[in-house]
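Data first, discussion second: the structure below is written as structure tokens.
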Amino acid sequence: MKKAFWIFGLLSVFALVALASSAVKPANFAGTWNLDKEKSQGLDQRMQNVSVTWTITQDDKQISIDSKVTAPPAEAAPAGAPSAGGPSGGYGGGRGMGGPRVYTLDGKEVTAEAGGQMGGSNTTKSSWANEGKTLELSSVRTGTGRDGTEFKSTSIDKLSLSGDGKVLTVVRHNEGPRGTQDSTLVFNKQ
């Protein structure tokens, strides 16, 4: 009986050790990341002449991605003409893209009212893949456009890190009123 108890205890210890070693901690994407346009593919035309920096914060419950887009200094323009980074030049002045994108990491869908002129709602969800090495972030935005028509835009980002944690790769798929776009964004850690 003592021998059976001993064997059972030893097997229990082995089972706990195996369980603990199989519990893989998911990747942590926290940091400040600069877009490497040379290594990225399928970039939107507007991203060709700007700098893009992502600041990511992450804990066990959520991940937040704050995107900052900065236009280069405008070249001398004739008096009265808009500058490339000015109000009619698209991105500029270090503005973000409408505030940070925040996702819970528990896999549940979260729906919130979307701000801005078009209103509507935004539903986000995250899921881990590849044994915690890849994080998929999905966002579905619905609303009414300026012309009064309803729209739906879907974005899926699959984030993964290089082995040394210094390169963030984002495989992105977007579908919306302007069509479908696939791109790969490569960021270097600051």
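The values are calculated or read from the model by the stated rules, or taken from the named source; none is laboratory data. Predicted, not measured: the structure shown is a model, and the values here were computed from it. Ideal geometry is used to build each Cβ from the backbone, glycine not excepted, and the neighbour counts take in all protein chains shown.
Note on the range 32-72: among residues that are crowded, with 17+ Cβ neighbours inside 10 Å and more than 22 Å from residue 139 (Cα to Cα), the one that is nearest to the chain's Cα centre (by Cα) is 50. Each residue in the range 122-162 was checked for being in a loop (DSSP other than H, G, I, E, B) and either more than 25 Å from residue 31 (Cα to Cα) or among the charged types (D, E, K, R) (or both), and 6 pass.
Here's the yes/no breakdown for (1) under 26 Å from residue 160 (Cα atoms); (2) surrounded by 14 or more Cβ atoms within 10 Å (Cβ to Cβ); (3) modelled with pLDDT of 90 or more:
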residue: 95; (1), (2), (3): yes, yes, no
residue: 98; (1), (2), (3): yes, no, no
residue: 103; (1), (2), (3): yes, yes, yes
residue: 108; (1), (2), (3): yes, no, yes
residue: 111; (1), (2), (3): yes, no, yes
residue: 114; (1), (2), (3): no, yes, no
residue: 123; (1), (2), (3): yes, yes, yes
residue: 129; (1), (2), (3): yes, no, yes
residue: 132; (1), (2), (3): yes, no, yes
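With respect to (1) of a type outside the set (Phe, Trp, Tyr); (2) within 18 Å of residue 40 (Cα to Cα); (3) in contact (Cβ under 8 Å) with a residue 12 or more places away in the chain; (4) in a strand (DSSP E or B), the lone exception for residue 165 is condition (4). Per this entry, residue 136 is counted among residues that are of a type outside the set (A, V, I, L, M), closer than 18 Å to residue 62 by Cβ and surrounded by 12 or more Cβ atoms within 10 Å (Cβ to Cβ).
Does the range 54-62 include one or more residues that are in contact with a helix residue (DSSP H, G or I) (Cβ under 7 Å, 6 or more places away or on another chain) and either over 19 Å from residue 169 (Cβ atoms) or modelled with pLDDT of 95 or more (or both)? Within the range 54-62, none of the residues are in contact with a helix residue (DSSP H, G or I) (Cβ under 7 Å, 6 or more places away or on another chain) and either over 19 Å from residue 169 (Cβ atoms) or modelled with pLDDT of 95 or more (or both).
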